[in-house]
Protein chains: 2
Amino acid sequence: MKKKNLLVGQSGGPTVAINASLSGVLEMGFEMPEVDKVYGARNGIQGVLEEHICDMEPYKNRLAELQVTPSMFLGSCRYKLPEPSEGQEIYEKIFEVFSKYQIGYFFYIGGNDSMDTVLKLSGYAEKIGYDIAIMGVPKTIDNDLMEIDHTPGFGSAAKYIASSILEMAHDTYIYQMKSVLIVEIMGRNAGWLTASSVLARNEYSDAPHLIYLPEKPFRTSQFILDVRRELEHRDQVIVAVSEGIRDTEGMYISAQSSRVDQFGHVMLSGTGKYLESLVTDAIGCKVRSVELNVLQRCASHIASKTDIQEAAQLGREAVKRAVEGQTGCMSRLTRVSDDPYMVEYSMAPIARIANEEKKIPQEWINEAGNDVTEDMISYLKPLIQGEMSVPYENGLPKYLYLSQKE
Amino acid sequence: MKKKNLLVGQSGGPTVAINASLSGVLEMGFEMPEVDKVYGARNGIQGVLEEHICDMEPYKNRLAELQVTPSMFLGSCRYKLPEPSEGQEIYEKIFEVFSKYQIGYFFYIGGNDSMDTVLKLSGYAEKIGYDIAIMGVPKTIDNDLMEIDHTPGFGSAAKYIASSILEMAHDTYIYQMKSVLIVEIMGRNAGWLTASSVLARNEYSDAPHLIYLPEKPFRTSQFILDVRRELEHRDQVIVAVSEGIRDTEGMYISAQSSRVDQFGHVMLSGTGKYLESLVTDAIGCKVRSVELNVLQRCASHIASKTDIQEAAQLGREAVKRAVEGQTGCMSRLTRVSDDPYMVEYSMAPIARIANEEKKIPQEWINEAGNDVTEDMISYLKPLIQGEMSVPYENGLPKYLYLSQKE
């Protein structure tokens, strides 16, 4: 048996679980007899191009810390690989580095755009007859990847969102006055994160009272009617709204502040602030808007244990299958049952995943477009279960950090 | 010995520790032989005026849950008591209710405005010769009360702020590009909360790199120079800024969006957004602003154990002293030493506390006005130590809630 080396990189936007997947890849890399050295690429595929490769051996005994560290331990990039026909020299450089470091296994942990990279690199390897397994490991807080029941990082974000809304409900209920709290939640095109706010409901609090998702056209007049109706029978109304809600013409509600990133994604801010001013003008009661912002994707101190454990397992599975000879796949999980919650792991061909977005089925949204159904709740509930034991030092969570010097 | 009844209320804005103080008051109330029944006033002094009084006996065995529940279990109010000369009938009504429920001990947990209520009520009781102990128990995330080393609720807010900034630093450091993150933190006049962001610094991260407090005039031109200088030697600059920063004329930087509440407090929003647009225009790199907003004061899931334990003890102390015959006081703590951290409990006369604000000493801010000193760090560090064991149910923190029906 000829041993080969393993290389792993991380790409795209941060989540709380992406280092758990990294820890799973590393763990199996250190364990499998087919794998010799275990390397990490700094800043994803850019680290490969720039030959910024580091030996992961020093972290062999720190995988438990790594597992609960937010964001990307190895750094990230938002580098979109050109088509091989348009960027031959880039592909040649990447495979030159693979060859120099004797990489037989390459793992890329990321979302849609990262799976596009896996698709292109595995296709190129096949074309040139280069013997390497190139595998994707999924992550994204947005939960919008195809071919997987849910994505690592989503469950922890959902737990943060639901916990925060419950805590803000306690904060809101204390005054004897009419008020509206609008919570703006991430999600440009898919409303999964905003939908997860529904998990905040318990036996004493039914907040959020209104939920608006990008999957249904948003009508500001209907929104004001909804809020008015809620205010008739309760003092405090809590609204969960996706940053990506659009009007019936498909225009973002917060269109005035939109920008476009290099993948052509429209970047938004200000949906909550805009709705705040709408309610102030139309109803005139106390209104506050809160944008949960980046803490949704990096608050590891309240990570979901289910999420972290699954993320690590998806990393391990990818290594096992790569060593068995598979390539051009993404490790995935399929749900066997909601209650008791059970999943199965397998591999999905990358072609069906890259550049696609999974949206919420219309039948999981109520007819009025201001709430979700019981099916949605059954789907979401298992994903936020369990808490990680995060170590603390000097009163703060103790995370692992890769020095810039490496 | 004639037994008398105890009444407790909560007032002002929420904190994570105000129910810990309530649990301390209740615990001692149930324990002291001098106290017969233990009552709670719904929505502070308004609950007394409206005779909305509830028996706390059913919660006797749930004080541990109460201790980690955010916001006000009994509800709050923002009711400013008139001078006795201008609102005689209001005082008469309050003391009529005290008399009807045979209240011999009244505790009011709150901040500046609540201590004003304690001052007025204890003065009135003395004037009319009514035998009652009226005591204040401090709380405020702002840490701006006089006569106390620090206020309950502040340490937990500080822990949330520092942990969030550390997590956002992980989120920010992953890209190889110049960027600025501006974190807007609560605090209209006192910069204690913003200063506590300094605790996020550790051996691998020196964020926040710039800290701006309301205690020093803010110059936008100097701010842009500061950011530019930081960007020269690092890729990511993280800025902590108080919502209440003002220019050299004393005008709020976010003056365009200010409102005034019924106590004459100026309510702000938008300082971070304003600075974001300044940096975008002047420097042009990627800029993001995050407003930590109400989660600073209600994120009980990451409460400081030091804070919660002290808050409970301040509640207990107030009951002990009231039973001993003191009145018109606020329970306080004095720091004996930083390391090892030790405090002593005593009583402070209310007159020196009500309507005053404690600001950061100028010598704890660096000369450039963009950082804090080592003295500040030594002061802050002990306050965020330790974690509470918060129970979880269905993946969410399990808190205690007083039904609206009671």
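Hey, does segment B:332-343 have a residue that's within 30 Å of B:Glu83 (Cα to Cα), among the basic types (Lys, Arg) and in contact with a Pro (Cβ under 8 Å, 6 or more places away or on another chain)? Please lay out each step first, then the result.
Applying the first criterion (within 30 Å of B:Glu83 (Cα to Cα)) to segment B:332-343 yields B:332-333.
Next cut, among the basic types (Lys, Arg) only: B:332.
Those left that are additionally in contact with a Pro (Cβ under 8 Å, 6 or more places away or on another chain): B:332.
Yes, some residue in segment B:332-343 is within 30 Å of B:Glu83 (Cα to Cα), among the basic types (Lys, Arg) and in contact with a Pro (Cβ under 8 Å, 6 or more places away or on another chain).
Scanning segment A:114-135 for residues that are in contact (Cβ under 8 Å) with a residue 40 or more places away in the chain and touching a Leu at 6+ places or on another chain (Cβ under 8 Å) yields A:Met115, A:Asp116, A:Thr117, A:Leu121, A:Ile134.
For residues in segment A:108-117 being in contact with a Phe, Trp or Tyr (Cβ under 9 Å, 6 or more places away or on another chain) and surrounded by fewer than 24 Cβ atoms within 10 Å (Cβ to Cβ), which is farthest from A:Arg332 (Cα to Cα)?
A:Asp113
Filtering B:Pro33, B:Pro14 for residues that are assigned to a loop (DSSP other than H, G, I, E, B) and crowded, with 24+ Cβ neighbours inside 10 Å leaves a single hit, B:Pro14. Here A:Tyr105, A:Tyr175 are screened, and the one residue that is within 30 Å of B:Arg78 (Cα to Cα), of a type outside the set (D, E, K, R) and open to solvent by 10 Å² or more (accessible area, probe 1.4 Å) is A:Tyr175.
Which of the following residues is open to solvent by 10 Å² or more (accessible area, probe 1.4 Å), within 13 Å of chain B (Cβ to nearest Cβ) and touching a residue at least 12 places away in the same chain (Cβ under 8 Å): A:Arg62, A:Arg42? So that I can check it myself, show each step before the final result.
Numbers: A:Arg62 fails: within 13 Å of chain B (Cβ to nearest Cβ).
The match here is A:Arg42.
Reported count of residues in segment A:272-295, each being out of contact with any strand residue (DSSP E or B) (no Cβ under 7 Å at 6 or more places or on another chain) and either open to solvent by less than 10 Å² (accessible area, probe 1.4 Å) or part of a loop (DSSP other than H, G, I, E, B) (or both), is 3.
Kindly evaluate A:Ala322 against the criterion of being in a helix (DSSP H, G or I) and out of contact with any strand residue (DSSP E or B) (no Cβ under 9 Å at 6 or more places or on another chain). Can you show your working first?
Details: in a helix (DSSP H, G or I): yes; out of contact with any strand residue (DSSP E or B) (no Cβ under 9 Å at 6 or more places or on another chain): no.
So A:Ala322 does not fit the description; no.
Only a single item in (1) in a loop (DSSP other than H, G, I, E, B); (2) within 14 Å of chain B (Cβ to nearest Cβ) is not met by A:Ile109, and it is number (1). Within segment B:298-308, count every residue that is more than 7 Å from chain A (Cβ to nearest Cβ) and either in a helix (DSSP H, G or I) or closer than 26 Å to B:Gln236 by Cβ (or both). Going through segment B:298-308 one residue at a time, the tally reaches 4.
Every residue, every condition in (1) surrounded by fewer than 24 Cβ atoms within 10 Å (Cβ to Cβ); (2) in contact (Cβ under 8 Å) with a residue 60 or more places away in the chain; (3) within 12 Å of chain B (Cβ to nearest Cβ), yes or no:
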site: A:Leu166; (1), (2), (3): no, no, yes
site: A:Leu181; (1), (2), (3): no, yes, yes
site: A:Glu184; (1), (2), (3): no, yes, yes
site: A:Gly191; (1), (2), (3): no, yes, no
site: A:Ser197; (1), (2), (3): no, no, yes
site: A:Ser205; (1), (2), (3): yes, no, yes
site: A:Pro208; (1), (2), (3): no, no, no
site: A:Pro217; (1), (2), (3): yes, yes, no
site: A:Thr220; (1), (2), (3): yes, no, no
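Screening A:Arg228 against (1) among the basic types (Lys, Arg); (2) touching an Asp or Glu at 6+ places or on another chain (Cβ under 9 Å); (3) open to solvent by 10 Å² or more (accessible area, probe 1.4 Å) leaves a single unmet condition, (2).
Return a yes/no flag: does segment A:357-367 have any residue that is farther than 30 Å from A:His301 by Cβ and of a type in the set (Asp, Glu). The answer is yes; a qualifying residue exists.
There is no residue in segment A:325-347 that is open to solvent by less than 10 Å² (accessible area, probe 1.4 Å), farther than 30 Å from A:Thr248 by Cβ, more than 14 Å from chain B (Cβ to nearest Cβ) and out of contact with any helix residue (DSSP H, G or I) (no Cβ under 7 Å at 6 or more places or on another chain). All of (1) outside any loop (DSSP other than H, G, I, E, B); (2) more than 14 Å from chain B (Cβ to nearest Cβ); (3) open to solvent by less than 80 Å² (accessible area, probe 1.4 Å) hold for A:Pro84 with one exception: (1). Put simply, of A:Ile148, A:Ile161 the only residue that is within 12 Å of chain B (Cβ to nearest Cβ), touching a residue at least 60 places away in the same chain (Cβ under 8 Å) and out of contact with any Gly (no Cβ under 9 Å at 6 or more places or on another chain) is A:Ile161.
Filtering segment B:42-79 down to residues that are touching a Ser or Thr at 6+ places or on another chain (Cβ under 7 Å) and of a type in the set (Ser, Thr, Tyr), which residue is nearest to B:Gly315 (Cα to Cα)?
Among them, the one singled out is B:Thr69.
Selection within segment B:348-401: residues that are open to solvent by less than 40 Å² (accessible area, probe 1.4 Å) and hydroxyl-bearing (Ser, Thr, Tyr). The member of this set that is farthest from A:Tyr173 (Cα to Cα) is B:Thr373. For the criterion of being without any contact (Cβ under 8 Å) to a residue 24 or more places away in the chain, exposed (fewer than 14 other Cβ atoms within 10 Å of the Cβ) and over 30 Å from B:Ser205 (Cα atoms), A:Glu92 passes. If I filter segment A:139-154 for residues that are open to solvent by 10 Å² or more (accessible area, probe 1.4 Å), in contact with a helix residue (DSSP H, G or I) (Cβ under 6 Å, 6 or more places away or on another chain) and hydroxyl-bearing (Ser, Thr, Tyr), do I get at least one hit? No: segment A:139-154 contains no residue that is open to solvent by 10 Å² or more (accessible area, probe 1.4 Å), in contact with a helix residue (DSSP H, G or I) (Cβ under 6 Å, 6 or more places away or on another chain) and hydroxyl-bearing (Ser, Thr, Tyr). Filtering segment A:363-388 to residues that are out of contact with any Gly (no Cβ under 6 Å at 6 or more places or on another chain), among the polar types (S, T, N, Q) and in contact (Cβ under 8 Å) with a residue 24 or more places away in the chain leaves A:Asn370, A:Ser378.
Scanning segment B:385-395 for residues that are in a strand (DSSP E or B) and over 17 Å from B:Leu66 (Cβ atoms) gives a single hit, B:Glu387. Every condition in (1) among the aliphatic types (A, V, I, L, M); (2) farther than 20 Å from B:Glu356 by Cβ; (3) open to solvent by 10 Å² or more (accessible area, probe 1.4 Å) is met by B:Val97 except one, and the failing one is (3).
The values are calculated or read from the model by the stated rules, or taken from the named source; none is laboratory data. All values reported here derive from a predicted model rather than from experimental measurement. Cβ atoms come from the backbone with ideal geometry, glycine included; neighbour counts cover every protein chain shown. For the accessible areas, the whole protein counts, side chains as well, though only heavy atoms, and no ligand, DNA or RNA atoms are used. Shrake-Rupley method; radii C 1.70, N 1.55, O 1.52, S 1.80 Å.
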